[in-house]
Amino acid sequence: MQDHLQIKDWGLGLSGHTIIAGPCSAETPEQIEKVCLDMKKENMIPGMFRAGIWKPRTRPGSFEGIGEDGLKWMEIVRHHLNIPITTEVGNAAHVESALKHKVDVLWVGARTTVNPFAVQEIADALRGVDIPVMVKNPMNPDLQLWLGALERFSAVGINKLAAIHRGFSDSYDKRFRNKPNWSMPIHLKREWKGMEVINDPSHIVGNRDGLLETAQRAINFGLDGLMIETHHDPDNAWSDAKQQVTPARLKAILAQIDFRDTIGEENPSERLNDLRNAIDHLDDQLLDILQERFSLIDQVGAYKRENHLTVFQSDRWKYVMESRTKKGVDKNLSEKFMKELLYCIHEESVKRQEKQLREADPIRKA
Ligand code: PEP
Ligand code: MN
């Protein structure tokens, strides 16, 4: 992955966990001013102010954003709070207006990240421009689309990059507006070293009550900041009314979060080093055991081949699955983990044995 600059090096005076707050949508100059004044009154000044100017709504006819006029009101934010401003862009025309009005940071919304044509159009409009871009995850849990969008910006020379985790559509799970699927942001961080991910609990939870829990989980997992929709009068907001909170409530939420540090990889403590060394040692043993297990699997494969037996034997699989899951659960491993682990080992075993069968039978080798 290409190098990129982390948020602290964007030249915007940001450090530590990045807190982004502001309304879902800019509605009126009065609204923007009231949000700012309430933030000031509560001494709840975020690192960055967000406001949607163009709103990608699921159905036409709902409030689709105030448009370019709203960008002029960002001066009000600069006047009262003097913090960087971020807004969503969905096409090249949005980029042009946002740059004209000196928006500090752009973000790409979830409905745009799914569409490489749209992402490329925005990236092309930004070629040669020095501005940070944050990319929200796509609506569907597809890590490659998320990475691909970040790469499109990197390829046109945008080196101030971050990601936003806002959850994924899932019509079955009613607990969330967008299911968090925590493995996705963690995978993204694994794939692109140093990529910071800001969690957006507002769009994940879709209500006010669950924000704290989700935000805390994000911090526990090692995500790098929070974007929380904030409005002076959430009930009467023109979009996402159910999930916005007042600056006072935002302050209370942030005060309850236990912000954790990620460990500087350069100097972990001695205790952590000892624990990690012990884990390294166990991992070596795990690999030796797996090697031995697969060598037995190969011997069983040879036996099946000689005796014209099929690779998959459902009674044996059922026995392995049930007995190991029970043992694992007795050892305080979760049932879900045991099942996933066993499926993974079993799938590899079946593949190896099937390959043995094919290789013994040159006609079906292809
Ligand atoms: C938003 O941030 O207001 C928004 C539209 O978000 P998303 O792209 O995550 O739906
Ligand atoms: Mn919103």
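Couple of notes before you dig in:
- Under the condition of being under 23 Å from Val119 (Cα atoms) and away from ligand 1 (no atom under 14 Å from the Cβ), the residues counted in region 182-206 number 11.
- Selection of region 213-247 for residues being within 16 Å of ligand 2 (Cβ to nearest atom) and charged (D, E, K, R) yields Glu229, Asp233, Asp235, Asp240, Lys242.
- Taking region 48-72 as the range and being of a type outside the set (Val, Ile, Thr), crowded, with 21+ Cβ neighbours inside 10 Å and not in a strand (DSSP E or B) as the test, the residues that pass are Ala51, Trp54, Gly65, Gly70, Leu71.
- Selection count where residues are over 19 Å from Leu341 (Cα atoms) and assigned to a helix (DSSP H, G or I), scope region 299-331: 8
- Scan of region 182-213 for residues that are surrounded by 21 or more Cβ atoms within 10 Å (Cβ to Cβ) and hydroxyl-bearing (Ser, Thr, Tyr), ordered by number: Ser202
- Any hit, region 28-40, residues being assigned to a loop (DSSP other than H, G, I, E, B) and within 16 Å of ligand 2 (Cβ to nearest atom): no
- Unique residue being away from ligand 2 (no atom under 16 Å from the Cβ) and crowded, with 17+ Cβ neighbours inside 10 Å when the list is Ala93, Ala98: Ala98
- Selection count, region 281-327, where residues are open to solvent by 80 Å² or more (accessible area, probe 1.4 Å) and aliphatic (A, V, I, L, M): 5
- Meets criteria (open to solvent by 40 Å² or more (accessible area, probe 1.4 Å) and either outside any helix (DSSP H, G or I) or aromatic (Phe, Trp, Tyr) (or both)) for Lys251: no
- Residue match in region 134-146 (condition: polar (S, T, N, Q) and surrounded by fewer than 23 Cβ atoms within 10 Å (Cβ to Cβ)): yes
- Residues being within 16 Å of ligand 1 (Cβ to nearest atom) and either open to solvent by 20 Å² or more (accessible area, probe 1.4 Å) or in contact with a Lys or Arg (Cβ under 9 Å, 6 or more places away or on another chain) (or both) - total across region 154-170: 8
- Filter pass, Asp240 being part of a loop (DSSP other than H, G, I, E, B) and open to solvent by less than 80 Å² (accessible area, probe 1.4 Å): yes
- With respect to the conditions (1) part of a loop (DSSP other than H, G, I, E, B); (2) surrounded by 11 or more Cβ atoms within 10 Å (Cβ to Cβ), Asp258 falls short on a single one, namely (2).
- The listed residues are Trp182, Trp146, Trp107, and the only one of them that is among the aromatic types (Phe, Trp, Tyr), over 12 Å from the mean Cα position of the chain (by Cα) and modelled with pLDDT of 95 or more turns out to be Trp107.
The values are calculated or read from the model by the stated rules, or taken from the named source; none is laboratory data. Small disclaimer: the values here were computed from a predicted structure and weren't measured. Ideal geometry is used to build each Cβ from the backbone, glycine not excepted, and the neighbour counts take in all protein chains shown. Heavy atoms of the whole protein, side chains included, go into the accessibility calculation; ligands, DNA and RNA do not. Shrake-Rupley method; radii C 1.70, N 1.55, O 1.52, S 1.80 Å.
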